Amino acid sequence: MMMLFAAIFLHELCHVLAARAYGLRMAEIELMPFGGVSRMEGVEMSPKMELITAAAGPAFNLVIALSLIALARFIPSTLGATNSFAKMNLALALFNLLPALPLDGGRILRAALSKKLGSKRATDVAFGMGVVFSLILLALGIWMAVQGEINFAPFGIAIIIFAGAFTERKKATLIVIKDMSSKRTRMMEGRVLHAEHLAANKDTRLIQVVKAMSPGKYHAVTVLDEKCGAIGELAEDEILAGMVEYGQNTSLGALLKKMGKK
């Protein structure tokens with residue numbers, strides 16, 4: 001058990017070091033039987049930052065496992081001392097690379113999809129994978145029970161994964177909104193942000209546009225009519241202000257009228 005938690009701690013420590021390389025700080029590390037959860041302070045991560053930070057933990061476990069396997073191969077006398085720890089690190093890395101939130105593989109999947117789908121929709125895909133994997137674990141636990149082998153581990157891990165995936169899904173929209181509200185401060189500090197242009201029908205609700213946005217980028221939205229002709233443009237700070245003043249279900253066309261831009 002001590003060896004397992006040592007492997008998990010080293011796994012999470014690499015997440016922290018990768019985040020620190022970007023100037024980010026971790027508020028806490030929560031250790032679990034299959035890994036851990038690192039909670040970050042300050043601004044939210046861009047997809048690239050999330051991908052590298054998420055991959056750091058499993059990559060370190062793989063390096064440790066392969067190094068110990070190589071050591072035992074060249075120095076057979078070390079096999080007994082290194083075999084168990086190598087297997088734990090290998091299992092931890094492979095399990096966490098499964099493409100399902102809240103596992104590292106799910107975060108990597110979300111980061112990879114965010115550029116094309118937006119942060120919220122990418123989270124929905126990774127969330128769906130988390131639900132599927134939870135159901136597979138539940139089915140495994142039931143099958144084992146039917147076979148006469150009572151093991152509560154699949155049930156416990158399934159519940160933890162589903163709860164973590166659900167939490168990540170709820171946070172996705174809030175992350176983008178929080179990121180939007182912090183951009184003015186970052187630009188006042190002299191930071192340069194990448195820009196992204198979006199286009200949407202005038203009947204699209206503001207919250208739908210926000211879900212398509214990616215953290216770390218500044219967005220401009222071209223509003224289109226039924227014939228896909230441009231009728232106006234809204235900056236993301238105007239969309240955020242519109243959500244606060246008129247509600248998240250206000251349409252882009254209605255916001256243009258209220259702002260006198262149409």
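Sort out which residues of the range 143-189 are hydroxyl-bearing (S, T, Y) and either at pLDDT below 75 or closer than 21 Å to I239 by Cβ (or both), and write them in order of number.
Once the filter is applied, which keeps residues that are hydroxyl-bearing (S, T, Y) and either at pLDDT below 75 or closer than 21 Å to I239 by Cβ (or both), the range 143-189 yields T173, S181, S182, T185.
Any residue that is more than 17 Å from the chain's Cα centre (by Cα), crowded, with 16+ Cβ neighbours inside 10 Å and in a helix (DSSP H, G or I) - is there at least one of those in the range 97-115?
no
The values are calculated or read from the model by the stated rules, or taken from the named source; none is laboratory data. Nothing here was measured: the structure is a model prediction, and the numbers come from that model. Virtual Cβ from ideal backbone geometry, glycine too; neighbours counted across all protein chains shown.
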